[in-house]
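The values are calculated or read from the model by the stated rules, or taken from the named source; none is laboratory data. Since the model is a prediction, treat every value here as computed from it, not as a measurement. Positions of Cβ are backbone-derived with ideal geometry, glycine not excepted, and every protein chain shown enters the neighbour counts. These area figures cover heavy atoms from the full protein model, side chains too; ligands, DNA and RNA do not enter into them. Shrake-Rupley method; radii C 1.70, N 1.55, O 1.52, S 1.80 Å.
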Amino acid sequence: MSDQPINRIGHGIADLPDHVDIIVIGLGVTGAGVALDAVTRGLDVLAVDAHDLAFGTSRWSSKLVHGGLRYLAKGQVGVAHESAVERGVLMDVTAPHLTHAMAMLMPLTSSVSRVGAGVTRIGFAAGDLLRRSAHTPPETLPQPRRITTTETLALAPGLRSDGLRGGLLSWDGQLEDDARLVTTLARSAAAYGARVRTRARVSEATGTRVTLRDELTGETRTITARAVINATGVWAGELVDDIRLRPSRGSHLVLRADTIPHLRVTVTAPIPGETNRYVMVIPQPDGTLYVGLTDEPVEGPLPDVPTPSESEIGFLLDVVGAVFARPLRRSDVVGAFAGLRPLIDAGDGSTADLSRKHAVLTSNLGVITIVGGKLTTYRRMAQDAVDAAIAAAQLSASECVTTTTPLLGAASRPELARLEGPPRLVRRFGTDAALVLETAREVSGLSDEELLAPSAPHVPITLAELIFAVTHEGAIDVDDLLERRTRVGLIPADRELATPAAERALALVRAATA
């Protein structure tokens, strides 16, 4: 499967066929996963989104690849095992270049009782059993263990030392970037032949037909299909009437890394009065920290881009501040973001207690909807949705192959470690790092030094990756580049600094293709 320097991800509705096998609505992680699953089974696929790749919930996650320990604690054994299996697929097969092992430290402070610590250790042992049952090797995710106070402070020097009696160290998966995973999925689907279009809004859908509106030109047209899959997540009920969801908001804060200097692990701080719920401080590869997350029910109309409330911001700062020597202040928060979870309505109870299990539902008009679930299990969700579409439409298709289909740029970890090239590009594009730089050279005629220079202090994005986002990843404006292909927009001050670089990348590509 080659990837020529042309953009296979388009926008609008021009030049689309009148009929395809499957139409996928929504290009978050699940919709992009559905497109890849269906096209690798030999089906003719059109995948559309009213906005852009990763516009919705998929880009607002904690950037974790969960092993399911939290679900095990709630007795959801099947969900926990599925999560552990899918974590292993992502980390060892489909996206080793976009994932890595993340050390998680629970400091044993004076507020953590010895009984509570013992229960947590049992939970970690159960989580390791999940890892083994999923056949994920310890080379990918090491075994959990108790560590000393000295080791704990070496990993997290900013912790309060009074009353500290060591820590519990466990491991889970972490994504380089959730939006990058979605973009890579969409690009992989397009490379196999799927038609992937942004700015194409579905105004009406049945099980065999959708009406599309080009959000750039206003043009409309109807396209028929053997099956239609609704993968719009929390907005699924806006397309079909018989979907009942109870959205919840999960909010995060963004801090500079020097707010808690020399932090080498994710620190989990227990929420007072809660069991099996924590606030995490998660170091990111770009010199920032994420603090999250909350679980707040959402009522009323759903915003395209949700925002954290001030009470959530204060709550997160208070919980984390209790375990660090330096209090966290509101002024430390340089950015904040929130996502809406598409939880299936199961009646009473808090949204935190609702199952993260996914479901495939068929509407009265025949639209197949995939809802619930979580980012880690997107591949399994996609497989189940495509299985349902194949059965309902009696499509001729091969078996699912996405457990063994690496995404573009993927390679084994030893191969990735041997790659020579700019470290940032290797980390974000894997074996395609050379393609990114080569494309930027051809388009711009600039030197590598200029193409690979950070856009500004605290802003590590490069002109090379911005150019590639336009030529290969469907980006058409500054928002696409800074909010989704890169995540500079999470910090408004950094976005302002990076805007000239984004505008320059767009201008260079336009000039090269004029």
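Here is how the numbers come out for the structure above:
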| quantity | calculated |
| --- | --- |
| Spans of strands (runs of 3 or more DSSP E) in region 315-377 with at least 1 residues at pLDDT 95 or above and under 30 Å from Ile229 (Cβ atoms) | 333-341, 368-372 |
| Residues located in region 287-305, provided they are farther than 28 Å from Ile461 by Cα, open to solvent by 60 Å² or more (accessible area, probe 1.4 Å) and either in contact with a Cys (Cβ under 8 Å, 6 or more places away or on another chain) or assigned to a loop (DSSP other than H, G, I, E, B) (or both) | Glu299, Pro301 |
| Test: Ile476 is at pLDDT 95 or above, surrounded by fewer than 24 Cβ atoms within 10 Å (Cβ to Cβ) and not in a helix (DSSP H, G or I) | yes |
| Total residues in region 90-115, condition more than 26 Å from Val29 (Cβ to Cβ) and either surrounded by 21 or more Cβ atoms within 10 Å (Cβ to Cβ) or in contact (Cβ under 8 Å) with a residue 60 or more places away in the chain (or both) | 7 |
| Residues that are among the small types (Gly, Ala, Ser) and crowded, with 18+ Cβ neighbours inside 10 Å, drawn from region 433-449 | Ala433, Ala440, Ser444 |
| Residue match in region 257-266 (condition: of a type in the set (Ser, Thr, Tyr) and open to solvent by 60 Å² or more (accessible area, probe 1.4 Å)) | no |
| Residue tally, condition open to solvent by 10 Å² or more (accessible area, probe 1.4 Å) and modelled with pLDDT of 95 or more, over region 44-56 | 5 |
| Any hit, region 267-286, residues being modelled with pLDDT under 95, under 26 Å from Ala50 (Cα atoms) and surrounded by fewer than 22 Cβ atoms within 10 Å (Cβ to Cβ) | no |
| Residue match in region 192-212 (condition: outside any loop (DSSP other than H, G, I, E, B), within 30 Å of Leu129 (Cβ to Cβ) and not hydrophobic (A, V, I, L, M, F, W, C)) | no |
| Residue pairs meeting the criteria (Cβ under 7 Å; at least 6 apart or on separate chains; first within 17 Å of Pro327 (Cβ to Cβ), in region 156-168; second open to solvent by less than 10 Å² (accessible area, probe 1.4 Å) and of a type in the set (Phe, Trp, Tyr)) | Gly158/Phe324; Leu159/Phe324; Arg160/Phe324 |
| Residue count for region 479-514, restricted to those that are more than 25 Å from Gly421 (Cα to Cα), open to solvent by less than 20 Å² (accessible area, probe 1.4 Å) and either in a loop (DSSP other than H, G, I, E, B) or of a type in the set (Phe, Trp, Tyr) (or both) | 1 |
| Scope region 111-146; condition over 18 Å from Met280 (Cα atoms), hydroxyl-bearing (Ser, Thr, Tyr), in a loop (DSSP other than H, G, I, E, B) and more than 24 Å from the chain's Cα centre (by Cα); matching residues | Ser113 |
| Meets criteria (touching a helix residue (DSSP H, G or I) at 6+ places or on another chain (Cβ under 6 Å), closer than 28 Å to Gly335 by Cβ and open to solvent by less than 60 Å² (accessible area, probe 1.4 Å)) for Gly430 | yes |
